[in-house]
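As structure tokens, the structure follows; a few thoughts come after it.
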Amino acid sequence: MMSDENPPRGSGAGTYAGTYAGTYAGTYAGAVFPRASVPPSAFTLTDDPSLPETVDGIDNGRPATAGATPSPPPLATSLFGAFSRIKDSLAPLPQTAAAAVASLRPPAPPAGLPPGPACPPTLVLFGDSLTEDSAADAAGWAHPLVSRYARRADVLVRGYSGYNSRWLLRLLPHLLGALSTANVRLVTLFVGANDAVADGAPQAVPLAEFVDNLARLVGTVRRSGAAPLLIGPPPCSGSTWAAACAARGRGDGDGRGVSLSRIYARAVVRVAERLGVPVVDLFGEMRARGVAAATAEAAAMAATAGSSSSAAAAVGVGNGGPPPLPPPLSPEAVDDATVAAAEEHLLGDDGLHLSAAGHAYVYERVVAVVSTALPALDVAALPRFAPDWRELVEPGALDRLLGAPHPDG
């Protein structure tokens with residue numbers, strides 16, 4: 001996982017805005033996104049064996065000559081003739097045999113089971129360790145989702161610890177291809193924590209490529225027929241993460257911190273806005289909480305100072321008057337407040353991954369965004385799969401509700 005603002009990649013809003021505008025200029029209307037000019041990744045994926053492979057121009061493992069009809073070798077000709085004579089000597093299968101063969105086929109899928117024949121919708125949680133841990137941790141945010149959608153949708157967790165957007169982009173088409181018959185309706189994309197690290201770190205992905213990768217991830221999900229939902233990375237406490245890495249003998253944390261995580265989290269929100277994708281903005285929400293808390297604290301201190309001034313004026317010391325307004329928070333103070341809120345509501349002991357409270361928070365936000373932005377996928381809109389058992393006790397109900405009985409009973 002990784003951080004937010006990285007001065008060596010370009011400082012300030014001007015650099016970010018220019019990078020972002022250059023990546024997207026003139027492309028949104030046509031849904032075409034330029035591929036980032038970066039060297040090919042050393043990371044490769046073996047083709048998923050479950051995916052069909054189409055090879056053109058190949059005949060029995062050898063390239064076919066255009067316009068030519070290959071002639072079979074003599075042995076093949078003689079074998080073909082022998083088999084043809086045997087075939088011609090056989091009478092068609094008797095009707096009884098054909099019926100017996102047909103009876104061996106599996107029965108037709110049950111009809112009338114919402115939302116389709118024996119196939120409830122599938123929700124895929126896709127991303128890095130913040131997604132993988134949602135199932136691995138007992139308090140992970142995937143567990144209450146599975147419970148919430150029980151008997152209405154299948155929830156699949158496909159999280160890959162340490163993956164950045166470049167590697168996830170290579171993996172997603174294989175994953176969705178293997179799930180082509182699973183009626184995938186929603187894919188959450190929890191991406192960015194491993195991209196946001198210092199330049200030169202093994203997982204680092206430049207901001208421009210990250211933006212491009214996000215757009216391609218969204219496009220891949222949409223082409224599969226599912227709805228994407230982006231989840232931005234949370235703030236990272238750089239000092240806490242660096243200390244945790246040092247204690248485990250894992251280096252200095254690769255430059256992760258709130259400044260880098262801020263930049264990459266903002267990129268997720270911008271891509272979501274540009275492409276019309278629902279988004280859970282964890283960084284922005286923690287920033288709002290932190291700024292509100294810090295501002296309230298500053299106002300309380302100013303009020304205390306004003307009370308002291310009024311008391312002094314009452315005894316003839318000072319001018320009295322209203323308490324002074326607290327000064328606006330500096331950018332550094334905003335970052336500190338953001339990290340403080342994240343440590344309270346989201347982050348675990350290492351300053352990067354989610355705490356039990358953080359998992360609960362992510363679950364609540366995902367449910368809230370789905371219910372408002374994707375209401376057709378809210379649990380309230382999905383029918384329960386298969387009839388209630390009480391509907392099956394009446395005579396003939398099994399055949400009527402679940403289809404014809406299986407030949408084996």
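The values are calculated or read from the model by the stated rules, or taken from the named source; none is laboratory data. Worth saying up front: this structure is predicted, and the values here are computed from it rather than measured. Glycine gets a Cβ as well: all are built from the backbone with ideal geometry, and neighbour counts include every protein chain shown. Each accessible area value is taken on the protein alone, full model and side chains, heavy atoms only, with ligands, DNA and RNA left out. Shrake-Rupley method; radii C 1.70, N 1.55, O 1.52, S 1.80 Å.
Note on region 112-183: along the principal axes its Cα atoms extend 43, 30, 12 Å, ordered by decreasing extent. Accessible area of V393 (1.4 Å probe, protein heavy atoms only, ligands and nucleic acids ignored): about 100 Å². Here the 3J(HN,Hα) profile of region 241-256, calculated from phi with Karplus coefficients 6.51, -1.76 and 1.60 at θ = phi - 60°, is 5, 4, 5, 5, 5, 5, 5, 9, x, 10, x, 9, x, 6, x, 5 Hz, Gly and Pro shown as x. Pairs of alpha carbons in region 114-234 separated by more than 23 Å make up 30% of all such pairs. Distant-in-sequence amide contacts of L382, defined by a placed amide H-H separation under 5 Å and a gap of 5 or more residues or a different chain, comprise nothing.
Scanning residues 5 or more positions from D154 or on other chains, those with amide H under 5 Å from its amide H are T122, L123, with H placed 1.01 Å from N in the peptide plane. Between A288 and A356, the FRET efficiency from the beta-carbon distance, with R0 = 22 Å, is close to 0.50.
Taken over region 254-305, the alpha-carbon convex hull comes to 98 cubic angstrom per residue.
Tell me the per residue accessible area of region 171-274 using a 1.4 Å probe; a whole number in Å² is fine.
Numbers: 3430 Å² over 104 residues.
Dividing the accessible area of region 171-274 by its residue count gives 33 Å².
Its Cα gyration tensor gives region 148-304 an equivalent ellipsoid, and the semi-axes of that ellipsoid, as √(5λ) in whole Å with the largest first, are 31, 21, 15. A cut-off of 5 Å between modelled amide H atoms, ignoring neighbours fewer than 5 places along the same chain, links V280 with L230, I231, G232. Since only P202, F283, F190 are under comparison, the one whose Cα sits farthest along the positive direction of the charge dipole of region 151-308, derived from C-beta charges on Lys, Arg, Asp and Glu, is F190.
Estimate the FRET efficiency between S161 and L398 by the formula 1/(1 + (r/R0)^6), using the beta-carbon distance for r and 45 Å for R0, to the nearest 0.05. List each step's numbers first, then the result.
Numbers: r = 45 Å, r/R0 = 1.01.
Once the sixth-power term is evaluated, E becomes 0.50.
The charge dipole of region 182-259, taken about its Cα centre with unit charges on the Cβ atoms of Lys, Arg (+1), Asp and Glu (-1) only, comes to about 400 debye. Accessible surface for M286 stands near 0 Å², nearest 10, in the context of the full protein assembly shown (1.4 Å probe).
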